[in-house]
Amino acid sequence: MRQLEEQCAENISMAPRYAPSLRSRLAPLLLFLQLGFIVIYAFYTEFQSGVKVDGKTLSNIYPVFQDVNVMVILGFGFLGTFLVRYGFSASAFNLLVAVIATQWAIILNGIEPYNRKIRLDLRSLVDAEMCTASALISIGAVLGKTNPVHLILISLLEVFGFILNKWVIQTLLGTLPLNSIMLLHIFGAFFGLTLTWMLYRKGSEQRFEKEKSDRNTGLFSMLGTLFIWMFWPSFNSILVDDRIPARKLGAVCSTYLALAVSAVTAAAVSLLSSPKGKLNLTHMQSCILAGGVAVGVSISVVHQPWEAMIIGFIAAVVSTIGHRYLKIHMLLAFQCHDTCAVLSTHGLPGLLGWLAHLILLIKDCDDHTTAIRFAVFHICTLLSTLSLSLSMGLITGLLLKWNFLRTPQDRKCFDDQAFWEFPHVTLYK
């Protein structure tokens, strides 16, 4: 009885340590950002006039916009709920970060030297949400080890870096908008890896006390995977030029085939790599998405069903093996504690998609000089993306190490009680 009372007293005494941090830092930051966005939107934005949006009627583009919205809010939100004591934070902070990052991305995407107003339409919302997806990927690497103030700063800096990279490769290298924005997987993954390396905690080699999952949280996380899996064809095809209907149809079919093959392959590789010959739910939650990542990066040059299927097959093999073996080696060798294994889920499949893009691009070229020119520009695109993602990750990591931002203690990592009210469990640690 005395031990229970002491434990209760300890928990109660610890509560004020976190409440002032959120009250004095998070609330002013949220209000400052939102009021700032309102002022900017009041003076510098307007709705796009006209019945059509980029030649498309509202009824045609709105359902696809909703598909992307479901992926970003529900898909990523539920996907991060696999941690036993971090479900509230993973889902709610995902929404908070997404809406702030989307408003920020609309402003950055809309800046043009010859236009005084930023014009809003469904296309600009889709572009902004896809930029936001890159930030959500990065946050997966540090999930559970940061506070909400950290997450908001990460999203603002990551979205800025990604849009800057998009502008650089489009302006200087002539990259198509579709190809530049689909690099979000590579940018987000390596930004997140750099960030988690900068925020490394001593003792991370030993699993955190609350870094675990159970059947219920695994089920919710699998629900997020299903949302992403179902709507990924819309995500990969919405920016494809549909003046030639066959191109958009090809993008939808290629994405579905790549996802289907990666689901089957991930299950097989998971069984083969398991000492007990059983399926691993983590592999099914993440690796079945690898085909969608890889084919999305190369979607503009995938013209045959078998090409998409081969890309999905190889992506699933690489992703599943990475989940099984690479995550722990990255921690031990490079001190990168990657909570959601974004390297295996987005980074490696993204690089595979980039390589497939290069190979298919060269295959379709009849002139060797043109092929070499395309290859050089394609390699420069990757180097620019990696350079900016790594440098922005370093800058963000240095900022987040500032003591003023109150990084959570090790024993409060992966714990909702640091940020949420739980009056019915105050007696438990």
Of Thr196, His346, Ile228, which is farthest towards the positive pole of the chain's charge dipole, taken about the Cα centre with +1 and -1 on the beta-carbons of Lys, Arg and Asp, Glu respectively?
Thr196
With only helices counted (DSSP H, runs n ≥ 4, each -39500 (n - 2.57)), the per-residue ellipticity at 222 nm for the chain, to the nearest 500, works out to -22000 deg cm²/dmol
Where is the GNM fluctuation largest for the chain (alpha-carbon springs, 10 angstrom cutoff): Glu307, Glu209, Glu158?
Glu209
Relative contact order for segment 93-188: what is it in percent, counting Cα pairs under 8 Å that are at least 6 residues apart?
34 percent
Diffusion constant of segment 234-384 at 20 °C, which comes from Stokes-Einstein with the Kirkwood Cα-pair radius and 1.002 mPa s, µm²/s:
133 µm²/s
Using a 1.4 Å probe over the heavy atoms of the protein chains, calculate the carbon and sulfur portion of the accessible area of the chain as a whole percent.
67 percent
Pairs Lys210/Lys276; Lys145/Lys210; Lys202/Lys412; Lys212/Lys278: which are spaced more than 23 Å apart, C-alpha to C-alpha?
Lys210/Lys276
Based on Cβ point charges of +1 for Lys and Arg and -1 for Asp and Glu, what charge dipole magnitude is obtained for the chain about its Cα centre, in debye rounded to the nearest 20?
660 debye
If one builds a Gaussian network model of the chain from Cα atoms under 10 Å apart, the most fluctuating residue listed among Asn147, Asn115, Asn216 is Asn115
When averaged across all projection directions, what area in nm² does the alpha-carbon convex hull of the chain cover?
22.8 nm²
Over the chain, what relative contact order in percent results from Cα pairs under 8 Å that are six or more residues apart?
24 percent
Charges only on Cβ, +1 for Lys and Arg, -1 for Asp and Glu: so what's the dipole of segment 230-315 about the Cα centre, in debye to the nearest 20?
200 debye
Post the alpha-carbon centroid distance, segment 352-377 to segment 208-255, in whole angstrom.
27 Å
Just to be sure I understand: with springs between alpha-carbon atoms less than 10 Å apart, which residue in Thr407, Thr369, Thr194 has the highest mean-square fluctuation in the Gaussian network model of the chain?
Thr369
Could you state the angle between the C-alpha long axis of helix 245-273 and the longest principal axis of the C-alpha atoms of the chain, as a value from 0 to 90 degrees rounded to the nearest 10?
50 degrees
Rounded to the nearest 20 debye, what is the charge dipole size of segment 157-270 about its Cα centre when +1 sits on each Lys and Arg Cβ and -1 on each Asp and Glu Cβ?
60 debye
Between segment 143-178 and segment 106-122, what's the alpha-carbon centroid distance in Å?
17 Å
Solvent-accessible area per residue for segment 52-161 at a 1.4 Å probe radius, Å²?
35 Å²
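The values are calculated or read from the model by the stated rules, or taken from the named source; none is laboratory data. Everything quoted here is computed from the prediction, not taken from an experiment. Please note: Cβ atoms are built from the backbone with ideal geometry, for glycine as well, and neighbour counts cover all protein chains shown. These area figures cover heavy atoms from the full protein model, side chains too; ligands, DNA and RNA do not enter into them. Shrake-Rupley method; radii C 1.70, N 1.55, O 1.52, S 1.80 Å.
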